[in-house]
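Reviewing the structure listed below.
Laboratory data are not the source of any read-out in this text; all were calculated from the coordinates shown. Computed from a predicted structure; not experimentally measured. Glycine gets a Cβ as well: all are built from the backbone with ideal geometry, and neighbour counts include every protein chain shown.
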Amino acid sequence: MKRLQLQRWSSSALSSRARTDGRLQRQLCSSKRFQSTDATPVQPASEQLAEQQSFPSTTIRRPVRVSKYKLPSPPVQAAHESAKLAALHARLYLPSRLPLETLARCLINPSADRNPQFNNSSFSVLGHDLLTNYATEHLICTYPRLPLSVVFATLYAYVGPKTLAAMAREWGVEHAALPGGEVDPGLLQYKRVDPGTDLSTEPLVGTTRPNEDQKHWRKSINSSVVYDNEFGDPDLAGVPPSELQPEQAQNTKPVTMEQASADFVRSVMGAIYLHAGRAAAKRFFEQHILSRHLDISSLFNFSEPTRDLVRLCARENYEPPVAKIISETGRRSRTPVFVVGIFSGKDKLGEGAGASLPEARARAAVAALKGWYLYSPVEVRVPSTMEEEGAAPWKPVYVDLGEVVS
Amino acid sequence: MATFITVSRRPIMGMPFGIPFLLPSYEPVSLESRRNQSSYRRTKQRLRIKPDASFGLSSDKSHSHIVYNPPSSSPSVYHTPTKFLPANDARRSLRADNYANAPAVEELPSVFKSEAEKKYHLTPSDVTEIRKLRLNDPMTWSRGKLAKRFDCSPLFIAQVCQTSPQKKEIQKQVLEAVQSRWGAKRRMAREDRKLRKESWGRDE
């Protein structure tokens, strides 16, 4: 049986307008190259251009006649032609004082375009500081007794890179396969790390901690306040651009998608602060960061809860805690349940249920310790409210002695 | 928090007729169609018990209230105990009248069978003797023996002195010999027990 030649049949059956090999098809074929996110194939020219774009000569970059294929990132004028960018602006309900050009600049990572006038590095530094500042003051004023390790974990959960990357994904920000001047400015542009690269192999050097090469030295949680960053991780000492080696400045290290997305969210925060002011930035923070649910009580891990509770009661001059059985069922059965309460004097500090008396007692002690650490004042006021016009005089907030050391 | 109301089985006709949707429909059981105990209807009848008292109507029979009958659960950790509130917190005065109906702590049974009374009877000279004995002859004077002799707990002996490194090494070998006889089941059960104990601190 002979095969039906679909192509010829359809071309004769269909009207000329619907034929696929018409002018439309040819146009699509030719415009495919424009849609590609590949950088320009003319490599020597782009390298030459890159040399011209080193830091000193940033003032007169991008003359009008330069082809967009030779640019490392989309030109500024392209921001108004991108539907993606306008949609993102509208979707995030960004203030109208934040122009599309700035939003387009927020999407350009330093690994794509190393010129600081066209990438988001300055915005992301500002946005990172704002985010961590607002998150820290909210956390410390809301839960003044939290232990430091929980503060670090909570900050990481609120404004850590993983959360910010998840936010960028939820906002619908897509990333370009390769950065370039012809790419839609609504796409996140960065140079990707090669697949299969192990990021944890090389040791971290140049941190702010002294004796960083001593791996076996004990790192106390209090030293993290001084030496480490806001998440308790090693902090890289910053090098001012004037002291950078020229080849160091030329090399753009590829980044992961998580880093690039987090930098984008931070830079949006910084851009809102610069264009729309402090109140808009605060509102953006409350709507996008604080609105995320986080159960802080699940971040605790006690190894010796009963001992810690005894120490706490001794420190605060309470009566020593006593464990009492409130109720029980099935003591002689396979699945007993004991409800144990821990009392200090006449007051109940915590209550826990377990399948054995030691378990119920330990859980009750954990509940009591969490009750202590998760104390929250009735009215929370953060220091940044003083920046508003006509703010009431500042009253000192409750700050605790610190965590129980045992 | 935990209130236990014993639900008594009452004859069906004695039910209050205020909440028709909760009431069981009465079905007369004819004597000739009696079947064995496990019949479907009998099982279902057994399960028809009077609803909890807190579900019922208040005395004035008005329907203007919300039934709030939460399942028994552990209290929220975000509810700070009154003792842990700072002195100037407003919640202290608000909760003051809740103390009246709290159960008496003294009447509740203790978790431990016997409360160890702390005696504080050992003097510094006793402690030096404990240390001397344990240092000179660690094989004879173990923690348990010293505790029995000085009438204190083995934990106190461990707090005031350490055994010699040779004794530690021997004890470690003994433990290894014992553990080498464990089979897969016992080893796994011990590991599981340790993991379960760690999960108490995470409140899982």
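Averaged over the residues of A:341-351, the number of partner chain Cβ atoms lying within 10 Å of the residue Cβ comes to 5. Taking a straight line from the alpha carbon of A:LYS253, these lysines sit under 16 Å away, with near neighbours fewer than eight places off in the same chain left out: A:LYS191. Near B:ARG95: Cβ cut-off under 14 Å, other residues only, Lys/Arg at +1 and Asp/Glu at -1. The net charge is +2.
Note on A:299-312: average number of Cβ atoms from other chains within 10 Å of each residue's Cβ is 2. For B:SER164 and A:LYS162, the FRET efficiency from 1/(1 + (r/R0)^6), where r spans their Cβ atoms and R0 equals 51 Å, is about 0.50. Based on the Kirkwood approach, the hydrodynamic radius assigned to region A:302-376 is 12.4 Å, with every pair of different Cα atoms included.
Reducing region B:73-135 and region A:165-206 to their Cα centroids gives an inter-centroid distance of 54 Å.
Excluding same-chain neighbours fewer than eight residues apart, the aspartates and glutamates reachable from A:LYS215 by a Cα-Cα span under 19 Å are A:GLU202, A:ASP228, A:ASP233, A:ASP235. Only lysines eight or more places from A:LYS346 in sequence, or on another chain, were considered; those with a Cα closer than 20 Å are A:LYS324, A:LYS370, B:LYS83.
Using only the Cα atoms, what convex hull volume per residue in Å³ does region B:120-163 have? Cα-based convex hull of region B:120-163, divided per residue, equals 58 Å³. Counted by Cβ distance under 13 Å from B:CYS152, the other residues give a net charge of +2, where Lys and Arg count +1 and Asp and Glu count -1. The H on the amide N of A:SER73, modeled in the peptide plane, is under 5 Å from the matching H of A:GLY181, each at least 5 residues off or on a different chain. When every alpha-carbon pair in region A:164-323 is counted, what percent end up more than 20 Å apart? Percent of Cα pairs beyond 20 Å in region A:164-323: 73. On the principal axes of its alpha-carbon atoms, region A:354-403 has extents of 58, 19, 13 Å, going from largest to smallest.
Each Lys or Arg adds one and each Asp or Glu subtracts one; over the other residues with Cβ under 13 Å from the Cβ of B:LYS119, this totals -3. Dividing the radius of gyration of the alpha carbons in region B:164-204 by their Kirkwood radius gives 1.18 for Rg/Rh. Evaluating 6.51 cos²θ - 1.76 cosθ + 1.60 at θ = phi - 60° for every residue in region B:141-150, the Karplus couplings come out as 8, 7, 4, x, 5, 5, 5, 5, 5, 9 Hz, glycine and proline recorded as x.
Across peptide A:82-95, the average count of Cβ atoms from other chains found within 10 Å of a residue's Cβ is 0. Taking a label point 7 Å from the Cα of B:GLU117 along the Cα→Cβ vector, which residues of region B:137-178 have an amide N closer than 15 Å to it? Answer for this model: B:152.
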